[in-house]
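**Student:** Okay, here's the structure, questions in a sec.
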Amino acid sequence: MATGSGPGVSMPTNLNAVRETMDVLLEISRNLNTGLDVETLSICVRLCEQGINPEALSSVIKELRKATEA
Amino acid sequence: MARLVPSWTRLDKQQERDVRELIRRVSGLQDEADPNFQLALNFAWSNFRFHRFLDVNSHKVEKTIEGIYEKFIIHSDLSKAASWKKLTEEFLNSSLPSIKEIKTDAHYSILSLLLCLSDSPSNSNYVETPREKEVEKKDDFDWGKYLMEGEEIDLGPNVDTPNWSEDSEEEDAQQPLSREDSGIQVDRTPLEEQDQNRNLGPRVSWKDEPDGRSWLEQHVVHQYWTARPSRIPHSLHLHSNLAAVWDQHLYSSDPLYVPDDRVFVTETQVIRETLWLLSGVKKLFIFQLIDGKVTVRNNIIVTHLTHNCLRSVLEQIAAYGQVVFRLQEFIDEVMGHSSESPLPGSGSIPKKSAEAPFRTYQAFMWALYKYFISFKKELTEIEKCIINNDTTITLAIVVDKLSPRLAQLKVLHKVFSTGVAEVPPDTRNVVRASHLLNTLYKAILEYDNVGEASEQTVSLLFSLWVETVRPYLQTVDEWIVHGHLWDSAREFIIQRNKNVPVNHRDFWYATYTLYSVSEKTENEEKMNDNASASSGSDQGPSSRQHTMVSFLKPVLKQIIMAGKSMQLLKNLRCAESTACQVAARDADRKSLYTLFLESVQSRLRRGEDSTPQVLTDQQATKENLIKMQSIAERHLELDDIHDPLLAINFARLYLEQSDFHEKFSGGDICVDRSSESVTCQTFELTLRSCLYPHIDKQYLDCCGNLMQTLKKDYRLVEYLQAMRNFFLMEGGDTMYDFYTSIFDKIREKETWQNVSFLNVQLQEAVGQRYPEDSSRLSISFENVDTAKKKLPVHTLDGLTLSYKVPWPVDIVISLECQKIYNQVFLLLLQIKWAKYSLDVLLFGELANTAEKPHLKESLLSEQDTVAQFGSQKEPVGQQIHRMFLLRVKLMHFVNSLHNYIMTRILHSTGLEFQHQVEEAKDLDQLIKIHYRYLSTIHDRCLLREKVSFVKEAIMKVLNLALMFAEGWQAGLGAWQMESIEKMESDFKNCHMFLVTILNKAVCRGSFPHLESLALSLMAGMEQS
C-alpha cells in the first residue's frame, strides 16, 4: 500500500481497493437514480477529489442535461 | 484543498481534461470546435469557480443519508434500505483513488453530489421500478461476469487465451464484492437463473451437436454486425493479442479506466468492409455513413492492434470512402436524370427538364463511371483472393496494393470538387461546363509539369478529359460541319442568338454570343470582335466569371469563323437544294471527335513502330530512349532549337505509349482509362497535332467554300467592282455622262437638285453600259447646311449615291461602307466639277467679252479713242493675260489633284485590294480587308478629321477655281483688277501652304503616297 505519488496515479496494490470503492459508489449512484454512468461517475469523483464544489458540479450537470434535452 | 500540493499545472490540466470529457459525456457534443461546446465549457468553469454554495458539511450529508434510509424503511423497502445503509457505510470507510484516508471531505462531497443529482428519494416518484431495475442491473454486472467466466472455462477449449485468464484473475479479485452482493440479494436468485438459462440455452444445445456447430463456425461468417459481444477464436500468440495486452496495461495503470464495450472483428472482416466501402457500398458496420460523412465506428477492435492504431488506419480509408461516396453520389445524380440514355453525348439525347444535367456533366459522369467499373473490378479481384484464402492478405497489403488507386481517387476528388462541387448552384450551364473542362485541362497541365512523377495521374486525367470533352467537340463538329449550333442545354461557350435570322444583314455580327472571357485581355478583345455588341443584353454585365475553355482558345477564331461560314453556306445552299447530297456525303464522314481520337491513337503508336527491337525490357527501353533522343534532337535542330531536355521528353513520350493502342484497338472508340501511356509531357503538343489540324482543315474547307460561293454564285467581286465603278468613278465614261449633265445644268444656272432629273441622268448613263446595275443604283439629294452652301464648292453637298447590295453580299458591303464610299464620291465629284469648270472655259469667251467695251467706247467718242483705247487696252490685255495665267495655274493644280486621287490613290489601292480579296481565307478576313481598303482611301483622300486643314486648303482652291470659272463666263466686265489680284494671292497662299505642308509630311516620311502630289504641286509653284 504505497502512497500515491499524485492524484490519479496510485500503486497497483491500491487498485483493487479503489475499484471496489468505485463499484460501491456506482451502486449508490444507481440506488439514487442519478443517471450517471461509470465513466461520468469516475470523472465526477476525480473532480470532487480535486475540490470542485459538489453542488456546483451537480448544478452544471443538471443544466447541461436540461440544455441537451431542449 | 491544502493536501493537493503536487504540481498545480498538471492538476489543472487534468481538471481541464476532465471537465471537457464531462461535457462531452453529458451533453453529447463531440466536436470541441462547436460553439455550443465552448459555451458549455465556459458555463461549467464559471459555475465551478464562482459559485455561491457552502462547503460540504459532513453532518448534513450524514443526516441526509439517514433520512433516505428512514424513507426506505417508511416505504417498506427494507432490502433497499439495508443495501443503502451498507453501501454508504462501506463507501465512507473505503479509500478514494487519490485519497487514502476514510470519511474525508471528498467522500462527503461525492455523496453530496450524488444526493444532489438524485431524484429526491422522499418524493413519491421514487417507486419500486427503478429500484428493481437497479438491483437487476447490479446483479447482471456481478453475476453475469462471474458465471460467464465459469461457463467459458467449461465450454470452449478454443476460447481461452493466457490473457483472458489473466483477466479472470483480475475478476477473481473482484469476487468478494460479487459474493457480498449476491449475499444481499438472496431473493433475486431465481430470476438470475432464468436469465442465465436464457443466455446459455443455445450454447447448451450446440453442445449436443458439436459437429454441426463447428461446421457452421467454419463456413458462416460470424454476425459481428449485430454488436453482440462475442469472442472469436484466434491465435494464442502474444502478438495477436496486442489489444488485450494494451487493455491490460491501461487497466492496471489507471484505476478509473473502464474498458469500453468493444466489438471484436477479424482483420479479414475489416479488409472486406474496406473493399466494400471503396466499391461504393453504403450500409456497412465498421464504416458508418452519417449525414453524407463516412466515419469509423468507435468501438471496433481487432485483437492484434490497439484501438487507436486500428482507428487511425481505418480513418484514412474512411476518407477515401468519403471520396468514393461523393463521386458515386454525383454519378447517381446525373444518372438519375438520364436513365433512358445511358450513353451520354451519344448524339441524340432527348431534351429533358430544365434541371437535367447537360452533356458535359453526363460525359464526365460517364468517364468517372468507367473508372469506377475498372476500380471495382480490381477490388473484386482482391476480395476473391480473400475468399479463396490462398494468399496472405492483410489490411496493410490491401492498402498498399490500392495505393495507386487511392492516389488517383484523391486526384479525382480534387478535380471533382474544384470542377463540379464548388460551383455555386445557380451558375449557368456554360460556365459550369467550361469550368469543368478548364479544371481538367489545368490539372493535366499542372501534373504534366511535374513530369514522370505523375504520369499515371496525367494519363488518368487525360482519359477523363478526352471523355468529358466529347460533347463539346461534337457541338463544334455539328456546327462547323453542318452549320447549326445545336446546344439545347446551353453549355457551349458560343451560343446562337435566336432573334437574328440567317438571311439578315446583321447575321454575321449579331448571331452568336461568345460566353467567355479569360483572364487575359487579349481574349476580351477577341470577344469584342466576334461576339456582337447588340446581343450583349443576354450576357448581362453581372459578375463576369472568368471562364474560357482554354483548350479551344488557339482555334476559337477558326471555330467561330467556320461555324458561321458553314451556317451561312448552308443557307445559301438551301436555295439550291443540295441537301440530300450533303447528307449522303455525311454518312461516311468521320466526326471531329473520332478524328481526334484516331489522331491521338496514331500519334501515340508512331513511337512504337519506329522502335520494334526486342531485347530485354530495360535494355530496350534504354536504347530506344537514346535513339529516340537523338532522333528528336536532330528534328529539333532542324528548327534551330537545341534543348536536350525537350528531346528526352519527346523520346520518352513515344516510348511510353507502346501499350496504348493495344488497349485502344479493341474497336472501342473511346479511350480507355487504362491508357496509362498517354503521358502528356507534351499535352498541348498532342492537342496541337491531334485536334487543331482537324479544326483548321474544316475551317479552311468551309471558309474557302464560302468564299468560293460568294465569289462565284453571288458575284461578290463584281459587286465590289461596281462600287468602285460608280462611287469611285472607275467607270469613267459612265460617270462622265452622269456628272457632266449635272455640271452643265449648274453652269446654266438651272435647277438640278430635282431627284427625278438626277435619277434619270444616272439611269441613262449607267443603263447604257451596265444595264444590270442601273436598277440597283439610285441617287438622292438632301439639303444640308445652308451656311456652307454659299461657297460654290459645297453646292454639290447632299448628293448621295446608293447601291442596293443584295444579301449575302451586304455582309461585306454594308451601309456603313456605303457611307464612306459616298464621302469619297462627293470629294471626287467636287474635284471633277472644278476640273470640268476650268476645262470648258474657252479663250474666245474672254476675248469676246474683252472687245465689247472697246466697241462701245469707240462709238461714244472717236477722238478720244486712241488715247483712251491705248490707256484701256493695256490693262485689259494685261487682265486677260493674267486671267489666262491664273486659269492655267488653277488647272495645273486641279489636274494634279485629280491625277493624284484617281491614279495614285484609287487605282493603286484598288489593285492591292483586288489581290487581297482573292487571297482572303474567310469572310471575316474579307470584311476586314474591305474595311481596311475603305479606310485607306478615306485617309488618302484626306478625308480624315486629323488632316482636315489640308482638305480645307484644297477646298479653298477648288472654290477659287469655281469662282474663277463663273467670273470667266460672266465676262471680263464683271472683273476688277483687284479681284483678280485677290484671287491670285489667295491661290498663291493656299498653294504655298499646301506645298509646305505636303513637303513636310513627305520629308517626315509619314505619308509616302503624298509624294507625287507634293512634287507636282511644287512644279506648279516654281512656274508661278
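**Student:** Name, by its number, the condition in (1) closer than 30 Å to B:L911 by Cβ; (2) in contact with a Pro (Cβ under 8 Å, 6 or more places away or on another chain) that does not hold for B:A953.
**Tutor:** (2)
**Student:** Here's another thing I want to ask about it. For B:K100, all conditions in the list (1) within 11 Å of chain A (Cβ to nearest Cβ); (2) closer than 26 Å to A:E20 by Cβ; (3) exposed (fewer than 12 other Cβ atoms within 10 Å of the Cβ) hold save one; what is the number of the exception?
**Tutor:** (3)
**Student:** Please give the number of the condition B:T64 fails out of (1) within 7 Å of chain A (Cβ to nearest Cβ); (2) of a type in the set (S, T, Y); (3) assigned to a helix (DSSP H, G or I).
**Tutor:** Unmet condition: (1).
**Student:** Mind listing whichever residues of the stretch B:20-31 are surrounded by 14 or more Cβ atoms within 10 Å (Cβ to Cβ) and more than 7 Å from chain A (Cβ to nearest Cβ)?
**Tutor:** Just the residues of the stretch B:20-31 that are surrounded by 14 or more Cβ atoms within 10 Å (Cβ to Cβ), to begin with: B:20-27, B:29.
Passing the criteria: B:R20, B:R24, B:L29.
**Student:** While we're looking at this one, here's another question. Given (1) surrounded by 19 or more Cβ atoms within 10 Å (Cβ to Cβ); (2) more than 8 Å from every other protein chain (Cβ to nearest Cβ), where does B:D12 come up short, assuming only one miss?
**Tutor:** Failing condition for B:D12: (1).
**Student:** A further question on this structure: Considering only the stretch B:269-291, how many residues are touching an Asp or Glu at 6+ places or on another chain (Cβ under 8 Å), free of Cβ contacts under 8 Å to residues at least 60 places away in the same chain and not aromatic (F, W, Y)?
**Tutor:** First, pick out the residues of the stretch B:269-291 that are touching an Asp or Glu at 6+ places or on another chain (Cβ under 8 Å): B:272, B:275, B:284-287.
From what is left, the residues that are free of Cβ contacts under 8 Å to residues at least 60 places away in the same chain are B:284, B:286-287.
With not aromatic (F, W, Y) added as a condition, the list becomes B:284, B:286.
The total comes to 2.
**Student:** What number of residues within the stretch B:75-89 are surrounded by 15 or more Cβ atoms within 10 Å (Cβ to Cβ) and either in a helix (DSSP H, G or I) or facing chain A (nearest Cβ under 9 Å) (or both)?
**Tutor:** So the answer is 8.
**Student:** Kindly list the number of the only condition in (1) surrounded by 13 or more Cβ atoms within 10 Å (Cβ to Cβ); (2) over 21 Å from B:H881 (Cβ atoms); (3) without any contact (Cβ under 8 Å) to a residue 24 or more places away in the chain that fails for B:G967.
**Tutor:** (2)
**Student:** Do any helices (runs of 4 or more DSSP H) entirely within chain A hold 3 or more residues that are at pLDDT below 85 and over 17 Å from B:K103 (Cα atoms), and if so, which?
**Tutor:** A:12-31
**Student:** In addition: Just give me the residues in the stretch A:34-70 being surrounded by fewer than 20 Cβ atoms within 10 Å (Cβ to Cβ) and either touching an Asp or Glu at 6+ places or on another chain (Cβ under 6 Å) or of a type in the set (A, V, I, L, M, F, W, C) (or both), in sequence order.
**Tutor:** Hits for the stretch A:34-70 are A:V38, A:A67, A:A70.
**Student:** Something else now. Select the helices (runs of 4 or more DSSP H) contained entirely in the stretch B:357-453, then report the ones holding at least 1 residues which are touching a helix residue (DSSP H, G or I) at 6+ places or on another chain (Cβ under 7 Å), polar (S, T, N, Q) and under 27 Å from B:V281 (Cα atoms).
**Tutor:** Numbers: elements: B:359-388, B:395-416, B:429-450.
Counting at least 1 such residues, we get B:359-388, B:395-416.
**Student:** Output yes when any residue across the stretch B:738-745 is part of a helix (DSSP H, G or I), at negative phi and modelled with pLDDT under 80, and no when none is.
**Tutor:** no
**Student:** Out of B:K86, B:K63, B:K80, I need the residue that is basic (K, R), modelled with pLDDT under 85 and farther than 23 Å from A:Q50 by Cα. Which one? Even if it seems obvious, please write down each step before you answer.
**Tutor:** Numbers: B:K86 fails: modelled with pLDDT under 85; B:K63 fails: modelled with pLDDT under 85.
Residue meeting the stated conditions: B:K80.
**Student:** Inspect the stretch B:976-997 for any residue being at pLDDT below 75, crowded, with 17+ Cβ neighbours inside 10 Å, of a type outside the set (S, T, N, Q) and in a helix (DSSP H, G or I) and give the result as yes or no.
**Tutor:** No; the residues of the stretch B:976-997 include none that is at pLDDT below 75, crowded, with 17+ Cβ neighbours inside 10 Å, of a type outside the set (S, T, N, Q) and in a helix (DSSP H, G or I).
**Student:** Right, here's the next one. One residue is enough: does the stretch B:8-24 have a residue meeting the conditions part of a loop (DSSP other than H, G, I, E, B), out of contact with any strand residue (DSSP E or B) (no Cβ under 6 Å at 6 or more places or on another chain) and modelled with pLDDT under 90?
**Tutor:** Of the stretch B:8-24, the ones part of a loop (DSSP other than H, G, I, E, B) are none.
No: the stretch B:8-24 contains no residue that is part of a loop (DSSP other than H, G, I, E, B), out of contact with any strand residue (DSSP E or B) (no Cβ under 6 Å at 6 or more places or on another chain) and modelled with pLDDT under 90.
**Student:** Taking the residues in the stretch B:32-74 that are among the basic types (K, R) and surrounded by 12 or more Cβ atoms within 10 Å (Cβ to Cβ) as candidates, determine which candidate is farthest from B:E21 (Cα to Cα). Show your work before the answer.
**Tutor:** Of the residues in the stretch B:32-74, the ones among the basic types (K, R) are B:49, B:52, B:60, B:63, B:71.
Subset that is surrounded by 12 or more Cβ atoms within 10 Å (Cβ to Cβ): B:60, B:71.
Details: B:K60: 30, B:K71: 35 Å.
That would be B:K71.
**Student:** A follow-up question, please. Which number in (1) at positive phi; (2) buried (at least 21 other Cβ atoms within 10 Å of the Cβ) marks the one condition that B:R490 misses?
**Tutor:** Failing condition for B:R490: (2).
The values are calculated or read from the model by the stated rules, or taken from the named source; none is laboratory data. Remember, it's a predicted structure, so these values are computed and weren't measured experimentally. Quick reminder, even Gly has a Cβ in these numbers, built from the backbone with ideal geometry, and neighbours come from all protein chains shown.
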